[in-house]
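As structure tokens, the structure follows; a few thoughts come after it.
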Amino acid sequence: MTERADAVLQILAGGRTFKERVMIVVAHPDDETVGMGAQLCRLGDALLLQVTDGAPRDGRDAAARGFASTADYALARRAELHAALEAGRAEGVRTEIVGVPDQEACLNLETVTEHIARRLRQEAPDAIFVQPYEGGHPDHDAVAFVVRAAARLIASDGRSPPAIIEMTAYHADGPRLATGTFLPAERPVTTIELSCAHRLRKRRMIDCFTSQRDLLAGFATEVERFREAPEYDFLEPPHPGELHYERLGWGITGEIWRRHVRAALEALGLR
Ligand SMILES: [Zn+2]
């Protein structure tokens, strides 16, 4: 483990407030709450980057949830995020939306990597929190990729990259969906048991995402888990067998996703 990652995990485990500047990069409004909602009030200076707007362009999700347009749905998801951050007393968290359409992050890997690299140069955070590469959602995997690629770009400028710390999301576990745990990797996991008050506050944050109620009902609030991001090979599948998102009928497979990664690595000069 790098020294920087070890220091971040120790602050998390010790329940201390972060004086260090951090960045959080997630795919959708609500990912930050699911992964690290109880920690957000402890961040003194954080930039939360939402890569997508949470509204798939085919309009099916928007219509199913009673919105007249994808734009209205995206706006509602943004408002839910702000309500959740308020409920979570995340006063030290600034937000920024990159604005790629939901489910399309893998079509924009090069531009999003460059955006994140630019923000890393400006913000110079000590740590960056991110989602793992696990085949749960193609946008989550894209976020794992762009953060690693951006860290490599700034390292090639001679800057020291931040510690990359993962929060949990969800992935296939045989036929079922596993939430709140990581796929196995050679990295120690820091598990934080949430107190009763912290659980209640996290539940209140989750309840702010009214448009995502059925999806979020399956997420427990007892613990939050973190680890240093493994050195993934994004040209290989995250696990054997079918990926969770391949079951959703979105027309994207792991093979297509990895083809976009290969092209982005070429374009960014990172092969
Ligand atoms: Zn998500």
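Candidates 113, 49, 142 compared by Cα position along the dipole of the range 3-267: farthest toward the positive end lies 49, with charges placed on Cβ. Backbone geometry of the range 90-107 corresponds, through the Karplus equation with coefficients 6.51, -1.76 and 1.60 at θ = phi - 60°, to 3J(HN,Hα) couplings of 8, 6, x, 10, 8, 10, 8, 10, 7, x, 5, x, 3, 6, 10, 4, 5, 7 Hz, x marking Gly and Pro. For the range 1-96, the relative contact order is 32 percent, taking Cα pairs closer than 8 Å that sit 6 or more residues apart in sequence and dividing their mean separation by the residue count.
Relative to its Kirkwood radius, the Cα radius of gyration of the range 89-201 gives an Rg/Rh of 0.99. Note on the range 3-267: with charges restricted to the Cβ of Lys and Arg (+1) and Asp and Glu (-1), its dipole about the Cα centre is near 640 debye. Accessible area per residue for the chain is 43 Å², calculated with a 1.4 Å probe on protein heavy atoms, without ligands, DNA or RNA.
For the pair the range 1-15 and the range 71-135, the centres of their Cα atoms are 23 angstrom apart. Quick note on the range 138-271: its Rg to Rh ratio, both from C-alpha atoms and Rh being the Kirkwood radius, is 0.99.
Taking amide H positions as modeled 1.01 Å from N, with prolines and chain starts lacking one, the residues under 5 Å from residue 97 and 5 or more places away or on another chain are 50. Could you list log10 I(q)/I(0) for the range 136-175 at q = 0.20, 0.29, 0.34, 0.35 Å⁻¹, which the Debye formula gives when each Cα is one point scatterer? Ignoring solvent entirely, the Cα scatterers give -0.68, -1.00, -1.14, -1.16. May I ask you to give the average projected area over all directions of the convex hull of the Cα atoms of the range 1-108, in nm² rounded to one decimal? Computing the convex hull of the Cα atoms and averaging its projections yields 7.7 nm². Taking every C-alpha pair closer than 8 Å and separated by at least 6 residues, the mean separation divided by the residue count of the range 3-267 gives a relative contact order of 23 percent. Considering all C-alpha pairs of the chain, those separated by over 23 Å amount to 49%. Note: the range 209-253, Cα convex hull, 151 Å³ per residue. Quick one: among 233, 61, 141, which has the greatest mean-square fluctuation in a GNM of the chain with alpha-carbon springs under 10 angstrom? Its mean-square fluctuation being the largest, the pick is 233. Karplus-derived 3J(HN,Hα) values for the range 249-256, using 6.51 cos²θ - 1.76 cosθ + 1.60 with θ = phi - 60°, are x, 8, x, 10, 10, x, 5, 5 Hz; glycine and proline are entered as x. With all protein chains present, how much of the accessible area of the chain (probe radius 1.4 Å) comes from carbon and sulfur, to the nearest whole percent? Carbon plus sulfur share of accessible area: 50 percent.
For the chain, adding -39500 (n - 2.57) for each run of n ≥ 4 DSSP H residues and dividing by the number of residues yields -12000 deg cm²/dmol at 222 nm.
The values are calculated or read from the model by the stated rules, or taken from the named source; none is laboratory data. Quick caveat: nothing in here was measured; it's all calculated off a predicted structure. Ideal geometry is used to build each Cβ from the backbone, glycine not excepted, and the neighbour counts take in all protein chains shown. These accessible areas exclude ligands, DNA and RNA; they are computed on the full protein's heavy atoms, side chains included. Shrake-Rupley method; radii C 1.70, N 1.55, O 1.52, S 1.80 Å.
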